[in-house]
Structure formats: C-alpha cells, structure tokens
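The values are calculated or read from the model by the stated rules, or taken from the named source; none is laboratory data. Computed from a predicted model, the values in this text were never measured in an experiment. Neighbour counts are summed over all protein chains in view; Cβ atoms, including those assigned to glycine, are modelled from backbone coordinates with ideal geometry. Surface accessibility is based on the protein's heavy atoms, side chains included, excluding ligands, DNA and RNA. Shrake-Rupley method; radii C 1.70, N 1.55, O 1.52, S 1.80 Å.
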Amino acid sequence: MENGEKAVETVVVGNYVEMESEGKDSDMKSKLSNLFWHGGSVYDAWFSCASNQVAQVLLTLPYSFSQLGMLSGILFQLFYGLLGSWTAYLISILYVEYRTRKEREKVNFRNHVIQWFEVLDGLLGKHWRNVGLAFNCTFLLFGSVIQLIACASNIYYINDNLDKRTWTYIFGACCATTVFIPSFHNYRVWSFLGLLMTTYTAWYLTIASILHGQVEGVKHSGPSKLVLYFTGATNILYTFGGHAVTVEIMHAMWKPQKFKSIYLFATLYVLTLTLPSASAVYWAFGDLLLNHSNAFALLPKNLFRDFAVVLMLIHQFITFGFACTPLYFVWEKLIGMHECRSMCKRAAARLPVVIPIWFLAIIFPFFGPINSTVGSLLVSFTVYIIPALAHIFTFRSSAAREKAVEQPPRFLGRWTGAFTINAFIVVWVFIVGFGFGGWASMINFVHQIDTFGLFTKCYQCPPPVMASPPPISHPHVNHTRSL
C-alpha cells in the first residue's frame with residue numbers, strides 16, 4: 001500500500017518538479033523571487049485557503065447573528081464549517097483521481113491549469129462539465145462583485161467625501177490590476193499578508209466591542225422572523241463555501257494529494273476569528289445590526305478602526321484576485337490564450353472579464369444581503385451539492401471504488417459512510433440552503449431594491465446633515481419718534 005501511494009505521488013507531482021527545476025538560478029534575485037512569488041507548499045495552500053475563506057464576510061457575520069440569534073449563529077458556523085471541509089475534501093479527491101488518470105495517459109499539464117469543470121468533464125462527461133462551469137463561473141463572478149462592493153462600503157467609513165458608487169468606480173480600476181498575477185502559484189506573500197490582515201480585523205472587532213460595552217437599551221430579539229433567520233443562515237453557508245477555487249489552489253501545489261485535510265485546518269483557524277468577533281459585536285449592539293450590515297458602521301471612529309478598514313481594503317483586493325483568477329483562466333481557454341507565454345498579452349486578454357464585474361457592483365451595491373442571495377442560489381450547488389453528487393457518481397461502481405486512488409477514511413465507514421454523508425449534504429443544502437435560504441434571501445434582496453433602488457448612489461449611508469439656516473438679520477429700525 002505504501003509503495004502504491006508513493007507511485008501515485010510521483011505521477012501527480014512529476015510535472016511540477018520538472019517545471020520548477022528547469023532554469024533554476026542561484027543568484028539573490030532568483031532566491032527572493034522564489035521566497036515571495038513562487039509558492040507550492042502545504043503551508044502556502046493553507047494560507048491561501050484560510051485567507052480566501054474569511055474576507056468581507058467577517059464584517060457581515062454580526063449582521064447574520066442579529067438575524068439568527070447568538071446560539072443559532074454559533075451552531076451554524078460550526079455546522080457549515082464541517083460541511084465545507086468535507087466537500088473541499090471531496091473536491092481534492094476528485095482532482096487527484098482525474099489528474100492521476102490523465103498523467104498515466106501521458107497528458108502534460110505543464111502550461112495548463114486544471115479547473116473544476118475539467119475534472120467533472122474527465123470523470124463524468126460533458127453534461128456535468130457544463131453544469132459545473134455555469135455554476136462555478138457565476139459564483140466566482142458574483143464573488144468578485146461582492147469584493148468590489150465591500151471595498152466601497154469600507155472606505156466610506158474613512159472618507160465619506162465621495163459616495164460609495166464613486167468609490168466602486170475607483171476600486172474597480174484598482175482591482176483590475178490582478179490581471180497581471182499569473183496564477184495561484186504566485187499568491188504566496190499575498191496569502192500570508194491577507195491572513196494577518198483578517199486576524200487583526202477580527203480581534204479588533206472583538207476587543208473594540210467589549211471595550212465599547214453594550215449600547216443603552218440593547219435588544220437581542222433574533223430570531224424574530226423566518227425570512228431573517230434563513231437569510232442569516234445562508235450568509236454563513238456562503239462564508240464556509242469559499243472552496244470554489246480549491247482545484248486551482250491544489251494545482252499550484254507541489255504535492256496536491258497532501259491537500260486532503262488542509263481546508264479543515266484552515267476552517268478551524270477561521271472559526272477562531274469569526275466566532276469571537278461576531279459574538280462580541282452582536283453582544284454590544286444587538287438589533288442595531290439589522291440595519292447596519294457592515295460592523296464598521298457601529299464602532300467609533302479612531303485610529304484602530306481606520307487601520308482595520310485599510311487592512312480589509314487590501315485584503316479585499318487580494319480576495320478579488322482569488323475569485324477572479326479562475327475566471328481569467330476560463331476566458332483564456334475560451335479565446336485560445338491560456339498557453340501563451342507572454343504575460344502582457346494574457347493580461348490584456350483578461351481585462352474584458354473585469355468589466356461585467358464592475359457593472360454588476362454598481363447595479364447591486366447591497367453589501368450583506370447580496371452575500372445571502374449568492375450563498376443560497378450559487379454556493380449551495382457550486383461547492384456543496386455538485387461535489388457531493390460528483391463523488392457518488394464517480395465511484396458508484398464497485399470497479400471504480402476498487403481502483404480509486406484515494407479510499408475514504410476508515411473511521412467514517414469507508415464508502416458507505418462517505419456516500420451517506422454526501423446524501424445528507426445534498427438533501428440538507430437543497431432543502432435548507434437552496435429552498436428556504438433562496439426564498440428568504442430573494443425576499444430580502446427584493447426588499448433592498450424596493451427600498452434603495454438599483455444603481456443606488458450610497459447604500460445604507462446616513463442621511464446628509466442639513467445645515468441650519470443662518471439667522472435672519474433684520475434691518476435696524478429707529479423707533480425714536482421725532483418731535
């Protein structure tokens with residue numbers, strides 16, 4: 001068994017070793033480039049997963065707690081954290097299965113990044129590929145949109161001289177520079193810094209809320225309505241559904257088969273950030289959060305808050321790149337530019353992908369409610385239902401199970417246990433996540449459109465303070481009677 005695993009490892013890793021060993025240079029410039037730019041280790045993958053999993057949702061989870069209540073908010077985070085870790089594990093198993101089969105057929109992936117829809121195509125056929133491609137691309141498109149909306153929402157709390165729509169124009173141009181980052185292989189330093197930024201922000205929210213104390217007359221009435229309850233639940237579903245880029249992160253690793261438990265450990269770390277921060281902010285502000293989807297809106301303006309805002313802005317730029325890079329790959333493959341060696345030509349070819357993202361962020365600037373809508377309608381299928389079903393159908397025959405590169409864990413009951421968990425995920429997410437969650441989030445989303453309108457200039461901004469009119473000056477009248 002051990003020799004078999006080593007053989008699999010050699011097959012899966014071969015091209016990366018070959019690619020990286022060619023043209024190696026021992027000079028200082030090359031060493032610095034490898035240190036900051038070329039990442040393919042287990043640690044790089046962990047930083048990428050943890051950094052990508054918790055971004056702007058850190059600021060909307062207190063809003064979800066106000067909809068769910070404290071207990072349900074905590075339980076849903078733990079529950080969806082486990083479900084997300086399991087489906088990320090399934091995606092990693094299917095990736096290794098696909099890549100091993102292809103490399104045994106002498107297929108060379110040296111200048112080609114494998115993506116989720118290609119895994120589905122190779123294992124299950126074109127119909128699965130088309131469905132996976134449609135859901136994955138739409139989710140990543142709106143995931144990028146959400147990052148742009150979050151940038152505008154956050155910077156407004158530092159500088160409100162410009163409205164949020166104008167800030168969206170500005171940050172759309174800034175985020176377009178991600179076209180110059182070749183692949184996830186080159187996110188090493190960004191992933192590391194991104195996780196430091198979210199760690200600071202999470203603990204700032206926690207400590208600042210505790211020091212602030214509860215506002216006068218604070219109320220914790222959640223859950224009060226079913227619509228709000230399932231809207232909050234689907235935002236948490238979205239929070240732990242960040243593994244739509246799992247395949248691209250795995251492909252950037254030297255040894256992709258070591259990814260199996262990385263997402264679980266990333267989730268455990270993320271929970272140490274999300275649980276304390278969301279609980280503390282909800283404890284301090286209670287039902288006020290129902291009308292303030294961004295936690296920064298309720299915390300007092302000071303140097304620590306401004307620093308957290310700046311860090312989150314940088315992190316959202318990084319997360320925009322995470323969400324958009326797979327879309328760049330799909331577009332490159334569509335127009336025949338994916339294997340082009342000129343990064344400048346590839347960057348120019350990628351620019352059209354940013355335009356619809358920019359436009360959608362201006363149409364739907366509903367920071368918070370849009371997360372739940374994307375979570376229920378897209379995340380539920382993209383990273384929960386489709387991977388679970390794909391694993392069942394890939395290994396439905398006894399021959400496929402016997403030849404599988406990776407066997408399910410023994411402590412979970414091998415194939416019977418794995419298929420049982422998969423079936424539970426499909427049923428639960430379809431009914432609760434997509435069904436009730438879709439109903440609730442769409443009602444809430446339509447309510448935002450009715451209240452604020454499409455293309456709203458400044459979503460949830462406080463009304464402008466009207467300057468009091470100057471006192472009316474009366475001309476001096478001489479009341480002295482002339483004699």
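List of remarks:
So that you can scan it fast, the table gives a plain yes or no per residue for (1) touching a residue at least 12 places away in the same chain (Cβ under 8 Å); (2) within 23 Å of Phe307 (Cβ to Cβ):
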| position | (1), (2) |
| --- | --- |
| Asn159 | no, yes |
| Gly194 | yes, yes |
| Trp203 | yes, yes |
| Val218 | yes, no |
| Pro223 | yes, no |
| Gly232 | yes, no |
| Lys260 | yes, no |
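- If you check Met312, Met253 for being at negative phi, touching a residue at least 40 places away in the same chain (Cβ under 8 Å) and not in a helix (DSSP H, G or I), only one passes: Met253.
- Filter pass, Leu237 being open to solvent by 10 Å² or more (accessible area, probe 1.4 Å), of a type outside the set (Lys, Arg) and assigned to a helix (DSSP H, G or I): no
- Pairing each residue of the range 120-149 that is among the acidic types (Asp, Glu) with any residue that is crowded, with 18+ Cβ neighbours inside 10 Å and modelled with pLDDT of 90 or more, provided the two are 6+ apart or on different chains, yields C-beta distances under 8 Å for Asp121/Trp128; Asp121/Arg129.
- Evaluating Met197 against the criteria (1) crowded, with 18+ Cβ neighbours inside 10 Å; (2) in contact with a Ser or Thr (Cβ under 7 Å, 6 or more places away or on another chain) leaves one unmet condition, (2).
- Among the residues making up the range 115-170, those that are part of a helix (DSSP H, G or I), hydroxyl-bearing (Ser, Thr, Tyr) and open to solvent by less than 40 Å² (accessible area, probe 1.4 Å) are Ser144, Ser153, Thr168.
- Considering the range 205-216, the residues that are touching a residue at least 12 places away in the same chain (Cβ under 8 Å), of a type outside the set (A, V, I, L, M, F, W, C) and part of a loop (DSSP other than H, G, I, E, B) include one that is least open to solvent (accessible area, probe 1.4 Å), namely Gly213.
- Residue in the range 98-114 that is assigned to a helix (DSSP H, G or I), open to solvent by less than 10 Å² (accessible area, probe 1.4 Å) and farther than 18 Å from Val383 by Cβ present: yes
- So Ile357, is it β-branched (Val, Ile, Thr) and either touching a strand residue (DSSP E or B) at 6+ places or on another chain (Cβ under 8 Å) or surrounded by fewer than 17 Cβ atoms within 10 Å (Cβ to Cβ) (or both): no
- Enumeration of residues in the range 364-411 that are open to solvent by 50 Å² or more (accessible area, probe 1.4 Å) and more than 21 Å from Arg99 (Cβ to Cβ): Leu377, Ser398, Arg410, Phe411
- Of everything in the range 296-333 that is closer than 26 Å to Ala280 by Cα and among the polar types (S, T, N, Q), the residue that is most open to solvent (accessible area, probe 1.4 Å) is Asn302.
- Val54 passes every criterion in (1) open to solvent by 10 Å² or more (accessible area, probe 1.4 Å); (2) of a type in the set (A, V, I, L, M); (3) in contact with a Ser or Thr (Cβ under 6 Å, 6 or more places away or on another chain) apart from (1).
- Scanning the range 176-194 for residues that are assigned to a helix (DSSP H, G or I), open to solvent by less than 60 Å² (accessible area, probe 1.4 Å) and not aliphatic (A, V, I, L, M) yields Thr178, Phe184, His185, Asn186, Ser191, Gly194.
- Check on Gln77, within 17 Å of the chain's Cα centre (by Cα) and assigned to a helix (DSSP H, G or I): yes
- Residue match in the range 222-229 (condition: assigned to a helix (DSSP H, G or I) and either open to solvent by 60 Å² or more (accessible area, probe 1.4 Å) or among the charged types (D, E, K, R) (or both)): yes
- Residue count for the range 156-178 under the criterion of being under 20 Å from Ser51 (Cβ atoms) and of a type outside the set (Phe, Trp, Tyr): the result is 4.
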